[in-house]
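The values are calculated or read from the model by the stated rules, or taken from the named source; none is laboratory data. What you see is a predicted model; the values in this text were computed from it and never measured. So basically every Cβ, Gly included, is an ideal-geometry build from the backbone, and we count neighbours across all protein chains shown. Just so you know, the surface numbers come from the protein's heavy atoms only, side chains and all, with ligands and any DNA or RNA stripped out. Shrake-Rupley method; radii C 1.70, N 1.55, O 1.52, S 1.80 Å.
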Amino acid sequence: MLDYYQIADTLSPEDKQTQTVARDFMEAEAAGVLDWWETGEFPKHLVPKFGEMGFLGANLPVEYGASGIGNVAYGLIMYELERIDSGFRSFASVQGALVMYPIYRYGSEEQKHEYLPQLAAGSMVGCFGLTEHDGGSDPGAMKTRARKDGESYILNGVKMWITNGNIADIAIIWAKDDDDVVRGFIVRTDAPGFQANEIKHKMSMRASVTSELVMDEVRIPASQMLPATRGLSAPLSCLTQARYGIAWGALGSLEAVYEDALSFSQSRSTFAKPIASRQLVQTKLVDMITDHTNGLLLAWRLGTMKDAGTMNHTHVSMAKRRNVRAALDAARSSREILGGSGITLEHPTIRHMLNLETVDTYEGTYDVHTLILGRDITGHNALV
């Protein structure tokens, strides 16, 4: 791992081993990422392997089939997945933080024992249906409804930009009930009236499945509602878990583009000198490694706070906001250093740069996290 400030010295032997295993696995098993990204294919054969490696919901308890590791180790896994491609971290984030976590925190014991072991093993895939066409940054405006009908609920609505949608066996769907209260439901994707439409022609996250979910009179047993969900705080708490993983993962992308730019600058010469000797190139490289170091310190401290139970959602907002934007800026700088070579997939930079455009937007935009932090430190909602 790129580690200019020797932050690895603070890690436990178990944390270091977790990262080493994750890096070795991803380098061996995901070598085809260039082709998968170019053809717009998610390598589904890796899902059960992720399960075997313990990558899915890794920080959840072992009694439900997960690895039960600490949050720093979990973050390091997210780092290594995204160092190869944001699509891999996105898959694991959704499976663990947005599907397994809500079942673990808000589900019944029966639901936990039925679903969590299968999700941890990768024998079942899940997706998270919160975002709608008109409600990205305003989830409270959701139009999806859950109508009570005897011992069933009937769901109607459309969810948009849903990772894993077309490969999911279950969906965690958030809908308003008859009392306008937001509730969470476990919905099997083969239920009559449920349809997943894959979003094509993407120029970002191409090695990831993104879908629209359409529910037309989808009837599910009332027992499929997550019993402890009531209000928007439930889905937002799940987003906090996912954003935590993103804060780590983005640094993996930053390492990848930094190493790409550094290597290229040392081998590429102009006017009989390597471009690494140019002041402007060195400035870009220094900015990259400084941002990575700052981000790694943020992520490490966030992980220790999460393990100690002192982390809150505003802490996560700061790390997600800063680390993803720093990674995106680094990718753009790397592309500049690479020149014309930077637009080809022979180098990972352009792939990471395009992926990070999405990572910068989803799970709360840079501006939304700015408003969250601004309200926290001033006590005032920002004036429009």
Go through segment 98-139 and give me each residue that's open to solvent by less than 50 Å² (accessible area, probe 1.4 Å), part of a loop (DSSP other than H, G, I, E, B) and of a type outside the set (Asp, Glu). Gly107, Ser108, Gly122, Met124, Val125, Leu130, Thr131, Gly135
Among the residues in segment 305-313, are any assigned to a helix (DSSP H, G or I) and of a type in the set (Ser, Thr, Tyr)? no
Could you figure out which of (1) surrounded by fewer than 16 Cβ atoms within 10 Å (Cβ to Cβ); (2) farther than 19 Å from Ile84 by Cα; (3) in contact (Cβ under 8 Å) with a residue 12 or more places away in the chain isn't true of Lys306? (1)
Give me the pairs, please: first residue somewhere in segment 107-136 and among the acidic types (Asp, Glu), second residue anywhere and assigned to a loop (DSSP other than H, G, I, E, B) and surrounded by fewer than 16 Cβ atoms within 10 Å (Cβ to Cβ), beta-carbon distance under 7 Å, and either six or more positions apart or on two chains. Glu132/Lys143
Output for segment 140-157, where each listed residue is of a type outside the set (Gly, Ala, Ser), open to solvent by less than 50 Å² (accessible area, probe 1.4 Å) and out of contact with any helix residue (DSSP H, G or I) (no Cβ under 7 Å at 6 or more places or on another chain): Met142, Thr144, Ile154, Leu155, Asn156
Residue count for segment 325-381, restricted to those that are closer than 30 Å to Pro274 by Cβ, surrounded by fewer than 15 Cβ atoms within 10 Å (Cβ to Cβ) and hydrophobic (A, V, I, L, M, F, W, C): 2
Looking at segment 335-353 only, could you name the residues that are assigned to a helix (DSSP H, G or I) and over 15 Å from Ser86 (Cβ atoms)? Arg335, Glu336, Ile337, Leu338, Gly339, Gly340, Ser341, Gly342, Ile343
Scan segment 28-60 for residues that are farther than 19 Å from Val99 by Cβ, open to solvent by 70 Å² or more (accessible area, probe 1.4 Å) and charged (D, E, K, R) and jot them down. Asp35, Glu38, Glu41
Condition (residue is of a type in the set (S, T, N, Q), assigned to a helix (DSSP H, G or I), touching a strand residue (DSSP E or B) at 6+ places or on another chain (Cβ under 7 Å) and farther than 16 Å from His352 by Cα) applied to segment 186-209: is it met by at least one residue? no
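Across segment 160-181, what is the total count of residues that are under 24 Å from Gln95 (Cα atoms), open to solvent by less than 70 Å² (accessible area, probe 1.4 Å) and either among the aliphatic types (A, V, I, L, M) or under 18 Å from the mean Cα position of the chain (by Cα) (or both)?
13
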